[in-house]
1. May I ask you to evaluate 6.51 cos²θ - 1.76 cosθ + 1.60, the Karplus curve with θ = phi - 60°, for each residue of the stretch 175-191 and list the ³J(HN,Hα) values in order in whole Hz, giving x for glycine and proline?
2. Report, by chain and number, residues whose modeled amide H sits under 5 Å from the one on residue 30, excluding near sequence neighbours (fewer than 5 apart, same chain).
3. Based on a Kirkwood Rh over C-alpha pairs, give the Stokes-Einstein translational diffusion coefficient of the stretch 84-215 at 10 °C and viscosity 1.306 mPa s in µm²/s.
4. Any chance you could run the full-extension gain for residue 110 through residue 58? It's 0.36 nm times the residue separation minus the Cα-Cα distance, nm to one decimal.
5. For a quick check: with amide H placed at 1.01 Å from N, whose amide H comes under 5 Å from residue 21's, ignoring anything fewer than 5 positions away on the same chain?
6. Taking θ as phi - 60°, what are the ³J(HN,Hα) couplings along the stretch 217-232 by the Karplus curve (6.51, -1.76, 1.60), each to the nearest whole Hz, with x for Gly and Pro?
7. Out of residues 5 or more away from residue 2 or on other chains, whose amide H comes under 5 Å of its own, with H placed 1.01 Å from N in the peptide plane?
8. Rounded to whole Å and ordered largest first, report the semi-axes of the equivalent ellipsoid of the stretch 134-179 derived from its Cα gyration tensor (root of 5λ).
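Where a number appears in this text, it was derived from the coordinates with a stated rule and is not lab data. Predicted model, so just to flag it, every value in this text is computed and none were measured. In this analysis, Cβ positions are derived from the backbone assuming ideal geometry, glycine residues included, and neighbour counts consider all displayed protein chains.
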Amino acid sequence: MRLKVEGLEAGYGKAQVLFGVDLEVGEGEMVALLGANGAGKTTTLRALSGLVRPWRGQLLLDGLDLRPLSPARRARLGLGHVPEGRQLFPLMTVEENLRLGAAFLAPGREKEGLERAYALFPRLGERWGQLAGTLSGGEQQMLAIARALMGFPRILLVDEPSLGLSPRLAEEVLLALVQVAREGTGVLLVEQNVALSLEVAGRAYVLEGGRVVLEGPAPLLREDPRVREAYLSL
Ligand code: ATP
């Protein structure tokens, strides 16, 4: 397994949010982390990228313990994070935003990264000189993902990419992530859109109150009565 989380406990101040989360993401796998508001999905991603300090548990990337490492070091080792809210630089162009994502790379790889970004999201190629702040919501989400990919991550953590997007654009963005996984990057996708996530992911975990309450192959979870009732309103 490329990414392995074992017994992760974390919280803010004295408030515990995660109570022993176990999950894994393999090479080229697309895995969804699902659950209601406040279940602890974002906190799990933040613990992985180093923005929240775990209280207990193991975080391993290709067997390497991530806990002592700074967020920058984790990024350099191949952990990409597309945070909630995208966090682009609105007064910089599409291409300038992308180049920032390549800050840690050897110069030769920047060109390769740009080509890959524009192949994955042709709309970004058409708008390479446009200010990021003037892109549509869907295009900004594409740019946030493309920027994280500029570091050629082994694992990409993506927080709520479909938030605020039309169903058609949400699907377009998630299908691009499927492509990213096919090319070998493990994708851990946090989503509130359970129906769409279970169509595109290979496996999924359902978090409730900071605990994994269900997990398995996406097609099986789609048929699970608990998932259908609680998350698919069927
Ligand atoms: P959402 O989809 O709403 O982001 P989530 O499953 O990602 O939900 P988290 O964002 O991980 O949930 O939040 C889990 C719990 O931690 C919530 O009760 C939230 O209020 C709390 N929390 C999140 N961030 C902080 C913070 N910076 N300080 C204090 N509490 C926080």
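1. 5, 5, 5, 4, 4, 4, 5, 4, 7, x, 7, x, 10, 10, 9, 8, 8
2. Here 187, 202, 203 satisfy the definition.
3. Numbers: Rh = 15.3 Å.
My calculation gives 104 µm²/s for D.
4. Values: separation 52, 0.36 × 52 = 18.72 nm, distance 3.26 nm.
Between residue 110 and residue 58, full extension yields an extra 15.5 nm.
5. Those lying under 5 Å, H to H, from residue 21 are 7, 8, 9.
6. Working through the residues one at a time gives x, 4, x, 5, 5, 4, 8, 5, x, 5, 5, 4, 6, 7, 10, 10 Hz.
7. The list, which skips near neighbours in sequence, is 25, 26, 27.
8. Values: eigenvalues 65, 29, 14 Å².
That gives 18, 12, 8 Å for the three semi-axes.
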